[in-house]
Amino acid sequence: MNDTNFIKQSLYLQGLPIYEADIQHIQNILFTINQAQNNLKKISPNLNKTVPITIVDKRLML
């Protein structure tokens, strides 16, 4: 995911300019996002699997 060619190709496909100096910064940002995502999965693996229950008072719907 943090491969230089992957980043360049992604920028090109989105029509964005490719600046060599920015590639390392983009790699760092992707690494940080990936690391945070992995930590969140470890902390709460079922975070989005539970559907919240909403109780609505019928009088409010009139």
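The values are calculated or read from the model by the stated rules, or taken from the named source; none is laboratory data. This is a predicted model, so every value here is computed, not measured. For the accessible areas, the whole protein counts, side chains as well, though only heavy atoms, and no ligand, DNA or RNA atoms are used. Shrake-Rupley method; radii C 1.70, N 1.55, O 1.52, S 1.80 Å.
Quick one: pull the percent of accessible area on the chain belonging to carbon and sulfur, 1.4 Å probe, ligands and nucleic acids left out.
C and S fraction of accessible area: 60 percent.
If the reach is capped at under 27 angstrom between alpha carbons, list the lysines near LYS41, excluding any in the same chain fewer than eight residues apart.
Straight-distance partners of LYS41: LYS49.
So what is the calculated 222 nm ellipticity per residue for the chain, using -39500 (n - 2.57) for each DSSP H run with n of 4 or more, over all residues, to the nearest 500 deg cm²/dmol?
-18500 deg cm²/dmol
At 1.4 Å probe size, with every protein chain present, just tell me what the per residue accessible area of the chain comes to in Å².
I get 96 Å² per residue for this part.
Taking the alpha-carbon distance from LYS8 and a cut-off under 13 Å, which aspartates and glutamates remain once sequence neighbours fewer than 8 residues away in the same chain are dropped?
GLU20, ASP22
For the chain, what Kirkwood radius comes out of the mean inverse Cα-Cα distance, in Å?
15.3
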